[in-house]
Amino acid sequence: MTLLTFRFAPSPNGELHLGHAYSALLNQRLAKAMGARLLLRIEDIDTTRCTPQLEAGIYRDLEWLGLDWERPVRRQSEHFDAYEAALAGLIREELVYPAFMSRGEIRALIAESERRGRDWPRDPDGVPLYPDADKALPSSERKRRIAADEPFAWRLDTAAALARVGRALSWREFTDETLSATRTVEADPLAWGDVIVARRDIPTSYHVAVVLDDALQEISHVVRGQDLYLATAVQRLLQELLGLAAPGYYHHRLVLGPDGRKLSKSLKDTGLFALRQAGVTPQEVRRMVDL
């Protein structure tokens, strides 16, 4: 019998806040109730913004909250070779392509389209979808531009990827915090357009790294914020392309700030370090997030 496994996976690009506390404590509570393992993963592929100091702060905050996890901790920055191997497979299968357009070029193209009265399609987060121009470039032109050291990112050809899978995709979503019932959610990766799967200087992206790590660590339950609910569609597509098992998902409520907006790491007044410095106790943090 396979042991159930949960994970909490923060990025050390800022201080943890109340939203992170809720997610970490909820994962711990559910893992304990189900006799499951709880892993901590440090998602630090952004080597510019992620720092050792912020990573150390994550450990201090979580220990202060009373969180306990299995060692060793998986740090994504130590596994770029695994992500690069997955990317190489997608390149061989011609499911990704080099995207050369700069942000300025994209903005200009969209502005011109909208001046002509054509609305530009956007993803569920409101970000304009990447134009199709680079997807149509001949192989010789792609090689020439790469050899010329032009900046580019690898993007998933989502339509081609779905055609390769050959069927509709879905995922198993738990419906409440007890994880006692599930429903099937139809995945719509096309809504996100051709997402970035790697950059020239970082051989992966959040989506690729997270599905590989979840599979390698045999994660059975992914419990994370509602803000990642729709993005699960992209991850389900990558799981199918890479031959990875799909966990069950529960996307929990978000802890909102006083203005009703989602908390961010820039809101220092909800940071766990600031709360600790102000004399707030872990028990009070649990009450603040209704746990």
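May I have the convex hull volume per residue, in Å³, for the Cα set of region 1-143?
199
How many percent of DSSP beta bridges within the chain run antiparallel, rounded to 5?
Around 50 percent of the beta bridges assigned by DSSP in the chain are antiparallel ones.
What is the helix-to-structure angle for 18-33, meaning the angle in degrees between its Cα long axis and the longest Cα principal axis of the chain, kept from 0 to 90 and rounded to the nearest 10?
The two axes meet at around 70 degrees.
So how far apart, in nm, are the two label points at Ile146 and Ala111 if each is 7 Å from Cα heading toward Cβ?
Between Ile146 and Ala111, the simple spin-label model gives 3.2 nm.
Give the residue list of GluC sites (Glu not before Pro) in region 131-226 that are DSSP loop and have at most 16 other beta-carbon atoms within 10 angstrom.
Listed in order of number, the matching sites are Glu177, Glu218.
What whole-number distance in Å separates the alpha-carbon centres of region 78-152 and region 243-259?
The distance from the Cα centre of region 78-152 to that of region 243-259 comes to 28 Å.
Between Arg71 and Asp290, what is 0.36 nm times their sequence separation minus the Cα-Cα distance? Round to one decimal in nm.
Gain in length upon complete extension: 76.0 nm.
Taking the Cβ of Phe80 as the center, what net charge do the other residues with Cβ under 14 Å away carry, scoring Lys and Arg +1 and Asp and Glu -1?
Charge balance near Phe80 sits at -4.
Loop-only trypsin sites (Lys or Arg not before Pro) in region 28-66, please: DSSP not H, G, I, E or B, and at most 16 other Cβ atoms within 10 Å.
Loop-located and lightly packed - Arg49.
Which entry in (1) 34.4, 119; (2) 20.4, 63; (3) 18.0, 54 is this structure's computed Rg and Dmax of the Cα atoms in Å?
Identified label for the calculated read-out: (2).
If I model a spin label as a point 7 Å beyond the Cα along the Cα-Cβ vector, how far apart are those points for Ala136 and Thr281 in nm?
With each label placed 7 Å out from Cα toward Cβ, I get 6.6 nm.
Please work out how much length the chain gains when fully extended from Ala274 to Asp119, using 0.36 nm per residue of separation minus the C-alpha to C-alpha distance, in nm with one decimal.
51.4 nm is the gain from fully extending Ala274 to Asp119.
What does the extension gain come out to for Ala85 and Arg183, with contour length at 0.36 nm per residue minus their alpha carbon separation?
31.9 nm
Over the chain, what relative contact order in percent results from Cα pairs under 8 Å that are six or more residues apart?
Relative contact order comes out at 24 percent.
Can you give me the long-range amide H partners of Ala99? Hydrogens built in the peptide plane at 1.01 Å from N, cutoff under 5 Å, separation of 5 or more residues or another chain.
Hits under the 5 Å cutoff: Ala153, Trp154, Arg155.
Can you give the angle from 0 to 90° between the axis of helix 103-115 and the longest principal axis of the chain, with both taken from C-alpha atoms, to the nearest 10?
The angle comes out at about 70 degrees.
Which loop-located GluC sites (Glu not before Pro) does region 66-101 contain, where loop means any DSSP state but H, G, I, E or B and the Cβ has at most 16 other Cβ atoms within 10 Å?
Those satisfying the criteria are Glu93, Glu94.
Would you mind getting me the FRET efficiency between Ala191 and Arg261? Use the beta-carbon distance for r and R0 = 22 Å, nearest 0.05.
Approximately 0.45, to the nearest 0.05.
Bear in mind that the values in this text are calculations on the coordinates, not laboratory data. Predicted model only: the values in this text are computed from it and were never measured. Using ideal geometry, Cβ is built from the backbone for each residue, glycine included, and neighbour counts are taken over all protein chains shown.
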